[in-house]
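The values are calculated or read from the model by the stated rules, or taken from the named source; none is laboratory data. What you are looking at is a predicted structure, and each value in this text was computed from that prediction instead of being measured. Positions of Cβ are backbone-derived with ideal geometry, glycine not excepted, and every protein chain shown enters the neighbour counts. Each accessible area value is taken on the protein alone, full model and side chains, heavy atoms only, with ligands, DNA and RNA left out. Shrake-Rupley method; radii C 1.70, N 1.55, O 1.52, S 1.80 Å.
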Amino acid sequence: MTRQAGPSRARPLWVVCALGVLAMCMIAGLLDGAADISPWQVVLQAVDWLPFVHVDSGLAPVEQGLLFELRLPRVLVAAVVGGLLAMAGAGYQGVFRNPLADPYLLGAAAGAGLAATAAIVLLPGSAGSIPLAAFLGAVGGVFLAYTLGNTAGRAGGTATLVLAGVAVTSFLTAIQAFIQQLKVEELQRIYSWILGDVGGGWDQFWLVLPYAAVSAVLLLLHGRMLDVLSVGDEEATSLGVRAARVRFTVLLAASLATAAAVAVSGLIGFVGIVIPHIVRRLAGGSYRIVLPLSLIGGGAFLVLADLIARTVIAPAELPIGVVTMFVGAPFFVGVLRMTRRAAT
Amino acid sequence: MRPVRTAFAGALLGTLVLAGCGQTTTPTTTAAPTGTAPASSAGFPVTIEAGNGKVTLAKKPERIVSLSATHTETLFAVGAGPQVVAVDDQSNYPAQAPKTDLSGFKPNVEAIVAKKPDLVIVSDDIDHIVAELGKVNVPVLLEPAATKLDDAYEEIAEIGAATGNKAKADEVVSGMKTAMDKLAADAPKDKKLTYYHELDQTPYAATSQTFIGQVYAMFGLTNIADKAPDQAGGYPKLSAEFVAQADPDLIFLADVKCCGQSKDTLAKRPGWKGLSAIKNDQVVQLDDDLASRWGPRVVQLAESIGAAVAKAGTTS
């Protein structure tokens with residue numbers, strides 16, 4: 001947290017590099033998949049999609065369709081969702097001044113899980129209701145935790161807020177488990193939703209995009225404020241920053257980002273905690289650089305994770321959450337070790 | 001395959017020998033009067049070698065609890081229906097089955113014992129239910145999910161023997177075998193059709209390693225899910241783009257009741273609307289229940305598959 005920010009002129013360079021990495025990951029994601037299509041044909045087909053250009057890629061209409069309707073939106077959704085989760089994680093870590101904060105800390109995951117479970121059980125067959133339910137559930141979970149935290153403790157006190165989040169998470173998870181026990185035959189569908197999926201096509205992409213744009217703009221604008229907050233509330237106040245309002249706005253934007261990501265993809269774990277830490281170690285701790293780099297890096301990470309998920313046992317697929325946790329968990333332990341060392 | 005041997009009491013020795021279904025009958029040392037005994041006690045005591053080892057029933061069970069939808073169907077098909085006092089909440093066939101709120105997924109020992117059963121039939125030893133019921137001396141017959149047709153036949157015969165309905169059970173089995181053999185014989189095998197059997201729109205499929213896969217194999221169909229590596233299991237989650245590219249001739253949906261899937265919902269999935277099975281109207285809506293049970297109604301499932309295969313021949 002107290003790590004010095006890098007020289008400000010290095011910032012554009014970092015962003016350009018990160019964008020380059022993201023672009024490479026996305027191209028890789030587009031070139032490979034479970035369908036047996038040569039990368040060269042994908043390139044030809046991509047050129048063919050460009051306006052005023054016609055190239056014969058030799059792909060059958062079904063194959064062109066799967067590239068455009070399945071693989072391309074999937075890569076884009078993975079990029080947006082990964083970016084949102086990582087950026088939200090960075091935001092939460094800034095607000096709580098705790099390196100272990102993650103996008104699901106305040107009950108977003110539990111709320112989304114409960115609402116999605118309820119939608120799966122109560123509205124069979126209408127897959128379209130799950131994203132909406134998950135979105136509302138995530139927002140509801142955070143709202144519940146925030147209200148409880150504020151009434152239980154001092155306004156703006158972050159420790160009480162986190163504890164309220166823990167309580168809300170346990171409570172909502174218990175209700176979800178209760179519903180699951182009543183409808184055990186839906187366990188597999190609930191389970192596969194929880195482990196995450198970014199393969200929903202263009203609908204998912206257009207669904208998540210507006211929320212992604214709003215929350216990204218809000219969060220990126222508050223990078224400097226979070227830097228000021230990191231020196232302590234009193235100092236921030238003396239510098240003319242209203243700590244409570246900044247915290248509230250960032251929480252709101254991060255929760256919106258989380259809810260949007262969860263709504264289209266399920267509960268993909270560890271992206272929100274891993275990526276901001278990698279970014280911090282590489283480019284310094286200033287939120288003016290951590291937030292945008294998390295957005296880009298999270299996108300690149302999730303595109304790669306999805307590429308692994310859908311190719312490593314192709315034509316079968318791993319749930320993407322399994323891949324991110326597989327990479328994330330060891331990293332998490334590393335972070336724990338390092339933060340302990342820093343604390344002692 | 002699980003080795004299954006059923007030992008019958010001396011009364012039935014030599015009266016029936018099931019040919020060709022992998023079942024051997026061996027005599028026990030118990031001597032019992034033949035023929036003249038009343039039907040309700042004939043053949044008992046009986047020892048069944050089930051999934052939970054040898055189960056001996058001293059007399060004909062009169063209060064049977066079934067915690068498996070498949071076995072409920074079997075019990076009624078072999079004529080043990082009047083002996084059944086309670087079935088679990090998933091047992092929805094036949095209609096007269098005494099459905100209760102007993103859960104087959106999360107069995108509650110006390111609730112089961114409260115039905116005063118003298119035989120409990122399960123397909124899965126969830127939460128050590130067999131041992132738990134054993135503690136209160138309730139005989140349990142564990143007949144796990146069949147992976148082959150022969151296993152299914154054996155289980156039906158065993159349930160028949162355990163409930164004192166052996167003759168009827170053998171009749172059911174031989175009827176099934178005849179029907180299945182005829183379906184298999186009638187199936188055109190030279191069409192080289194491929195198929196995709198969907199369990200869930202995620203999309204989860206079933207490979208040829210599964211029970212349902214064996215039924216499809218009877219019709220000479222090739223399963224696109226078999227390309228999934230072994231570690232993905234018998235029910236792999238397939239990649240949607242793989243299914244699109246594999247472009248199966250036939251699509252069988254086993255997620256109709258649960259999840260409302262149909263040709264139209266398939267066509268709305270990203271990248272799938274050009275699939276030839278959709279264009280040629282070769283999407284078959286199966287009965288979800290039939291497609292997940294290995295009881296006597298598997299013949300009906302096979303009939304719908306056979307009809308689809310025959311139809312595919314006339315249009316392509």
- Query: Scanning for something away from chain B (no Cβ under 14 Å) and over 13 Å from the mean Cα position of the chain (by Cα), does the range A:253-271 turn up at least one residue?
  - Reply: no
Log entry, pairs with first residue in the range B:192-207 being more than 9 Å from chain A (Cβ to nearest Cβ) and in contact (Cβ under 8 Å) with a residue 40 or more places away in the chain, second being part of a strand (DSSP E or B) and surrounded by fewer than 22 Cβ atoms within 10 Å (Cβ to Cβ), beta carbons closer than 6 Å, six or more apart or on different chains, reads B:194/B:222
So, first residue more than 9 Å from chain B (Cβ to nearest Cβ) in the range A:309-323, second residue part of a helix (DSSP H, G or I) and of a type in the set (Asp, Glu), Cβ within less than 9 Å, six or more apart or across chains; the pairs are A:320/A:306; A:323/A:306
When restricted to B:281, B:264, the only residue more than 14 Å from chain A (Cβ to nearest Cβ) and of a type in the set (D, E, K, R) is B:281
With criteria (1) at pLDDT 85 or above; (2) surrounded by 15 or more Cβ atoms within 10 Å (Cβ to Cβ); (3) more than 14 Å from every other protein chain (Cβ to nearest Cβ), residue A:170 comes up short on (2)
In the range A:173-198, residues that are under 15 Å from the mean Cα position of the chain (by Cα), small (Gly, Ala, Ser) and facing chain B (nearest Cβ under 10 Å) total 0
Scanning the range B:78-104 residue by residue, the ones that are buried (at least 24 other Cβ atoms within 10 Å of the Cβ) and either β-branched (Val, Ile, Thr) or under 15 Å from residue B:160 (Cα atoms) (or both) total 4
query = Any residue in the range A:130-141 that is more than 24 Å from residue A:246 (Cα to Cα), in a helix (DSSP H, G or I), within 14 Å of another protein chain (Cβ to nearest Cβ) and open to solvent by less than 40 Å² (accessible area, probe 1.4 Å)?
reply = yes
Take residue A:56 and tell me if it is within 16 Å of residue A:310 (Cβ to Cβ) and exposed (fewer than 15 other Cβ atoms within 10 Å of the Cβ). no
Among residues of the range A:312-326 being open to solvent by 40 Å² or more (accessible area, probe 1.4 Å) and part of a helix (DSSP H, G or I), the residue nearest to residue A:269 (Cα to Cα) is A:325
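Of everything in the range B:179-211, what is among the hydrophobic types (A, V, I, L, M, F, W, C) and in contact with a Phe, Trp or Tyr (Cβ under 9 Å, 6 or more places away or on another chain)? Give them in sequence order.
Across the range B:179-211, the qualifying residues are B:183, B:184, B:187, B:193, B:199, B:205, B:206, B:211.
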Taking first residues from the range A:235-254 that are open to solvent by 90 Å² or more (accessible area, probe 1.4 Å) and second residues anywhere that are of a type outside the set (D, E, K, R), the pairs with Cβ under 6 Å that are 6 or more apart or on different chains are A:239/A:228
Out of (1) within 13 Å of the chain's Cα centre (by Cα); (2) open to solvent by 10 Å² or more (accessible area, probe 1.4 Å), the one residue A:303 does not meet is (2)
Checked the range B:217-247 for anything crowded, with 22+ Cβ neighbours inside 10 Å and more than 11 Å from chain A (Cβ to nearest Cβ); matches are B:219, B:221, B:223
Subset of the range B:290-316, residues out of contact with any helix residue (DSSP H, G or I) (no Cβ under 7 Å at 6 or more places or on another chain) and either of a type in the set (Val, Ile, Thr) or open to solvent by 20 Å² or more (accessible area, probe 1.4 Å) (or both), comes to B:292, B:304, B:307, B:309, B:310, B:311, B:313, B:314, B:315, B:316
Quick one: is residue B:183 of a type in the set (A, V, I, L, M) and under 30 Å from residue B:269 (Cβ atoms)? no
Restricted to the range A:185-215 and to residues being within 18 Å of residue A:86 (Cα to Cα) and of a type in the set (Ser, Thr, Tyr), the residue most open to solvent (accessible area, probe 1.4 Å) is A:211
Apart from one, (1) assigned to a helix (DSSP H, G or I); (2) touching a residue at least 12 places away in the same chain (Cβ under 8 Å); (3) within 12 Å of another protein chain (Cβ to nearest Cβ); (4) not hydroxyl-bearing (Ser, Thr, Tyr) all hold for residue A:79; the odd one out is (3)
